[in-house]
Amino acid sequence: MRIKCPPWLETIDAHQFGQLRTGAVYLVRGARTALIESGTSAAAPRLALRLRGTDLKYVFVTHVHLDHAGGAGILASEHPEATVVVHRRGVRHLIDSRRLIDGARGASPDLFDLYGEPHPIPKDRLLVSEDGDQFELGDGIVLETVETSGHAPHHLCFFERSKRILFCGDAVGNHGIPVNTPLTVPPRFDLEAGLATLRRLKALEPRLLAFTHFGLAGPAAPILEDYEARLIAWLDRLRRMSKRESPDEIVESVLADPRYAGMNPVDRMAVEMCIRGGLLSIAASTD
């Protein structure tokens, strides 16, 4: 079910990987205007054209993976008045993206070209946000930073308390798109931290979840409960399979599931990335 955005919020389709309804960015219009997420670098020129004439104060990125922050450098160049808000552990990657690029290329070499290469952002254009920081955008709109590790150690969510909308990045997985596997991507998914994050998000009692992949969804409580159960079951399944199959065999077995039969090649590569990331997480937990 599609949920209509409140008047101050607009969902913009970033056309991630050239596909519709795969990657979203959110335009928040208070007295000051903000963008939540920046999409990929490959999609950023189109997004920049869409935002031309917008007086951006902030670009918030939930984390520095290339589908969320890859376009931030291009948008920062287009909007010199804007500050890019990021987790403290993500700052160095936005200043110099070489490690991030190498990691993305290693995690999914076939997908890498679809991300595009991020542009560096000067340090003085970046603002580190800590847990509990509040950004008053005017007209009663306040975004609160929530540190949410698990999917990545540099992951933040942003909570708008007046309407109880949680911009959840990848902390609650995907919603309403074909890639329905939990987002256990390489290189550093942490199950314990991810489950602690979900407990914390439930305690906030959000009404709606704003997914980067893709769109507004609610009510939030059952979605959060469902993702927790699916995340545990997914890693349990991979753990059992890893006792008798190699990583390549596990990828082949999972992708043989009928639910993935009609997937396009890009979505199948995304599922494979979640499988391999889950296996890396399992291996790290047993070291």
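Some notes on this structure:
- Separation between Cα centres of the stretch 28-82 and the stretch 185-201, rounded to whole Å: 26
- The stretch 1-91 shape via C-alpha gyration tensor axes, a/c threshold 1.5: rounded
- Full extension of the chain between residue 164 and residue 200 yields a length gain of 11.5 nm, computed as 0.36 nm times the residue separation minus the alpha carbon distance.
- Pairs of Lys in the chain closer than 22 Å at Cα, counting only those 8 or more apart or on different chains: 4
- Reciprocal of mean inverse Cα separation for the stretch 67-150 (Kirkwood radius, Å): 14.2
- Sequence-distant contacts, meaning Cα pairs under 8 Å at least 6 residues apart, place the relative contact order of the stretch 140-254 at 23 percent.
- In terms of surrounding Cβ atoms within a 10 Å radius of their Cβ, 146, 254, 172 rank from fewest to most as 254, 146, 172.
- Computed over the stretch 97-198, the range of Cα coordinates on each principal axis works out to 44, 34, 25 Å, biggest value leading.
- Two-decimal log10 I(q)/I(0) for the chain, as the Debye equation yields it once each C-alpha is a single scatterer, q = 0.10 Å⁻¹: -0.48
- Computed [θ] at 222 nm, deg cm²/dmol, the chain (DSSP H ≥ 4; -39,500 (n - 2.57); rounded to nearest 500): -11500 deg cm²/dmol
- Cα-projected label distance for residue 142 with residue 221, points at 7 Å along beta-carbon direction, nm: 2.4
- Global form of the stretch 220-277, assessed from the alpha-carbon gyration tensor, a/c cut-off 1.5: oblate
- Once C-alpha pairs closer than 8 Å and six or more residues apart are averaged by separation and normalised to the residue number of the chain, the relative contact order reads 16 percent.
- Overall, the anisotropy analysis places the stretch 189-287 in the oblate class: the square-rooted eigenvalues a ≥ b ≥ c of its C-alpha gyration tensor yield a/c not less than 1.5, with a/b not exceeding b/c.
- Bridge type composition, the chain - antiparallel percent by DSSP, nearest 5: 65
- Distance between the C-alpha centres of the stretch 228-287 and the stretch 139-155: 27 Å, rounded to the whole angstrom.
- Remark: 96, 133 ranked as 96, 133, counting other beta-carbon atoms within 10 Å and listing the fewest first.
- Under a model in which nothing but the beta-carbon of Lys, Arg (+1) and Asp, Glu (-1) is charged, the stretch 9-228 shows a dipole of about 220 debye around its Cα centre.
Only the coordinates and a few stated rules stand behind these numbers; no lab work does. The structure presented is a predicted model; accordingly, all values stated were derived computationally and were not measured. Every residue, glycine among them, receives a Cβ derived from its backbone with ideal geometry; neighbour counts consider all protein chains shown.
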